[in-house]
Amino acid sequence: MKRFLFLVLIFQNVFSQEIPLNVQKIIKAYPGKVTGFKGNKIVFSDGSNLIYDDFKNKTKQEMLENPDIEDQFRFVYAKVNKNLIPKEDAGRIRNEAFFKKIYGNSKSEVESKMTEIIWCPKLVNQKIKVTTVNGIDIIVKKLSAELDNNPEFKKYINAIGGTFNWRKISGTNRLSMHSYGMTIDINVKNSNYWQWDCKCKNEEATLLYRNQIPLKLVSIFEKYGFIWGGNWKHYDTMHFEYRPELFL
């Protein structure tokens, strides 16, 4: 029996060493959707797969436009702190094919997995639609309940700017993360967006970082697995998206 357990432990160690750490994070973050890793490919529950690492050297713009899944981890997402002045765009690089496998390959497929919840019933009482994939609707309800106990945040969390919206990112051919129903834009009136501030869409523009969102509010979102667009060099301070793999 001891020998059997010893062999099991050896197998588990070898298995974990063969699977890149970031793939292990993905498997943990999307249970039931991502089931394994074989031959440099991430395996999904329907038996399909996607290449993890294309082994190409890319500029930052090339990573935005044509990333592999490994590129999504190129910059480490650090939780907010009082000295926040973001230098990179951790979480802004996304492989579209990966998220379509998780949430749906088309508008209708994503919509079929959506549900309506009441956002912050006491402070806001607004109906919003979110995906049920990965239990995100339940997670958003918990997030909403905690925010609802912080009346000082009301002006930031009322009049939600957007959740589900199948569309392209402005000025690009990339599908917005709002297309998957796992993203929340809070009140735009108290937010900053780099394209608005520079009045441009040039990724190489010199940007002066701006933010009005309280970091305590951001930390609550992060607690539930949401990254913050205000933590990007190309800032989008109203924007929160569910990316638990970046916290593991």
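The values are calculated or read from the model by the stated rules, or taken from the named source; none is laboratory data. All values derive from a computational prediction rather than experimental measurement. Cβ sites come from the backbone with ideal geometry, for glycine too, and all protein chains shown count toward neighbours. With ligands, DNA and RNA removed, areas are computed over all heavy atoms of the protein, side chains included. Shrake-Rupley method; radii C 1.70, N 1.55, O 1.52, S 1.80 Å.
Observations on the structure shown:
- Pairs linking a residue in region 135-148 that is free of Cβ contacts under 8 Å to residues at least 24 places away in the same chain to a residue that is open to solvent by 10 Å² or more (accessible area, probe 1.4 Å), with Cβ atoms under 7 Å and 6 or more positions apart or on different chains, are 137/115.
- Taking (1) surrounded by fewer than 18 Cβ atoms within 10 Å (Cβ to Cβ); (2) of a type in the set (Lys, Arg); (3) touching a residue at least 12 places away in the same chain (Cβ under 8 Å) in turn, residue 243 satisfies each apart from (1).
- For region 88-102, the tally of residues that are buried (at least 18 other Cβ atoms within 10 Å of the Cβ), basic (Lys, Arg) and under 20 Å from residue 33 (Cα atoms) stands at 2.
- Hits in region 54-87 (condition: open to solvent by less than 30 Å² (accessible area, probe 1.4 Å) and over 24 Å from residue 230 (Cα atoms)): none
Here is a yes/no grid of residues against (1) part of a loop (DSSP other than H, G, I, E, B); (2) closer than 27 Å to residue 172 by Cα:
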position: 200; (1), (2): yes, yes
position: 209; (1), (2): yes, yes
position: 213; (1), (2): yes, yes
position: 216; (1), (2): no, no
position: 227; (1), (2): no, yes
position: 233; (1), (2): yes, yes
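- Hits in region 112-166 - residues which are small (Gly, Ala, Ser) and in contact with a strand residue (DSSP E or B) (Cβ under 8 Å, 6 or more places away or on another chain): 144, 159, 161, 162
- Qualifying residue in region 202-214 (condition: open to solvent by less than 30 Å² (accessible area, probe 1.4 Å), in contact (Cβ under 8 Å) with a residue 12 or more places away in the chain and aromatic (Phe, Trp, Tyr)): no
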